[in-house]
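Let me begin by presenting the structure, written as structure tokens, before commenting on it.
The numbers here are math on the coordinates, done by the rules we state, and not lab data. Since this is a predicted model, take the numbers as computed values, not measurements. All Cβ positions, glycine included, derive from the backbone under ideal geometry; neighbour counts span all protein chains shown.
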Amino acid sequence: MDSLYGNLKKNQYSDYYPFHMPGHKRNLPGRPMESFYGIDITEIDGFDNLHCPGGILQEMRERAAVLFGAEESFLMVNGSTGGILSAVSAVFRGGDTILMARNCHKAVYHSVYLNRLKTEYLYPTFVKEYNICGGISSGKVSEMLTENPEIKGVLLTSPTYDGVVSDIASIVRVAHERKVPVIVDEAHGAHFCLDSRFPESAVACGADLVIQSIHKTLPSFTQTAVLHVQGTLVDRDRLKRFLQIYQTSSPSYILMAGMDQCLSILETERENLCHSFFKRDKMFCDSTKELRNINILSMDNQFKKEYYIVAVDPGKKILSVKGTNCTGQQLYKLLLEKYHLQPEMAAQDYVTAILTVCDKEEGVQRLADALQEIDIGLQRVPDEEFPSVTGCAGTACYDIHYAMDAEYESIPLKDAAGKISAGFINIYPPGIPLIVPGEYFTEDIVRQIRRYKTQGFTVEGMTGKGQQVSIIKEEKNAQNKNCLYDRTCQ
Ligand SMILES: Cc1ncc(COP(=O)(O)O)c(C=O)c1O
């Protein structure tokens, strides 16, 4: 069978003249990116249709299902974002209640807004040793489902952006006892299915819908993702309907040819790739185990009991400088400017480095060497408390859609405490809302936002040249039937 790329190349050099989109007509000779234009087509004869596949794209879907161990898989060109929007819309109807982890990515919140859902939150534990979110307890899921029988589905992120994996199998078990489907945002865990040394994937744990950004951790182009569905709790026709709504009607064949290649690489080289990954990982762990000041997150026996963490992704290296005279941003800058190593991101207390099956040994060794050198120059200092980025229980007053669509005004951040937010404020990355529409600005949140801004983090959602926040013009709305909670939460 020819690859999609092979077919696109054949088409490029054939004598079929294009009286179709795209407008560049594959005719920009001598221009930059000429080779990309050459294979950039739309759904012409012989190239199938992403939204109604029956040929090469259908075969790719079937291959993806085998590779990822799912009953049925869908290819997506709009990232996990499109998959999350589709999955949530398939499971819930307007006004339904979702039980979701409060540390979900903004895409989940956007799906809640678009579907006008009511939210019940699962607050993750907080791993104080690293200042990161821990896991979600299946006991808590069970308790919430019992207390709130109106809940129509559960959604959580596992692994988190920091590589923390929750006990999905147990969560699925307690949800399925009540016939409630579980959606897992596994955007950062597409590689889990490749080898048993990685944490167990949410698909293997029986989750009903699993969304994975293959572009994040596998050899695939940015924007590409897959969505898996299994079991009988999800209406698959409804899911297909929403995949059509949330994805472009003109999917890029460059991206899809890249997905085809990603599948082929994994089908044929998975064992070797994983073998080399774990060899590099061992080398990295061995070279950094003697560090005295930089702590690297790894699974700890206590984690399971205390933080409901069942595994930590070996592909995420959380390089913590907590309790030293260095901040996460300083370590990031040092790695970037002195060692020419580009990390994924910096948080207050740590830097995240991503390792995948496509790394070079030399790159990973350079990171280990740099950390050894940096570690020697660090000193321990008294630790400073830095709160979680995931809001806190009891501050929600209105449904997200109500607050987002209410009349609003912009006020200076300094005056926001006690007011109700009309928008999301996210620290990016990771894109988890610090405050969501309908929640109160507490003194703590205002302080946190100010601090993130002073420290140079990207704070999304501020208005008025980044100094203001939107709050709902309320009081008159307090009696509105959409009011989620009694205002006593103030
Ligand atoms: C946990 C999580 N979910 C979903 C997304 C959205 O993924 P994508 O960028 O593929 O749309 C991200 C992106 O960073 C993420 O971190």
Across 289/333; 333/414; 128/317; 128/338, pairs whose alpha-carbon gap is larger than 20 Å: 289/333; 333/414; 128/338
Options 339, 153, 175, ranked by Cα towards positive dipole end of the chain, top entry (Cβ charges): 339
Cβ-based net charge around residue 67, under 9 Å, with every Lys or Arg adding one and every Asp or Glu removing one: +1
Over segment 4-263 - Rg/Rh using Cα atoms and the Kirkwood inverse-distance radius: 1.03
Largest-first principal axis extents, alpha carbons of the chain, Å: 71, 59, 49
Coordinate range along principal axes, alpha carbons of segment 271-376, Å, largest first: 38, 36, 23
Rounded to the nearest 20 debye, dipole of segment 279-387 from Cβ charges on Lys, Arg, Asp, Glu: 200
Whichever lysines have a C-alpha closer than 25 Å to that of residue 152, once near sequence neighbours (fewer than 8 apart) are set aside: 106, 118, 140, 179, 240, 481
Magnitude of the charge dipole, the chain, Cβ model with Lys/Arg +1 and Asp/Glu -1, debye to 20: 720
The chain - share of DSSP beta bridges that are antiparallel (%, nearest 5): 70
Taking all pairs of distinct alpha-carbon atoms in segment 278-334, Kirkwood radius in angstrom: 12.9
Relative contact order computed over segment 55-189 (Cα-Cα under 8 Å; 6+ residues apart), in percent: 22
Residues 381, 351, sorted so that the one with the fewest Cβ neighbours within 10 Å comes first: 381, 351
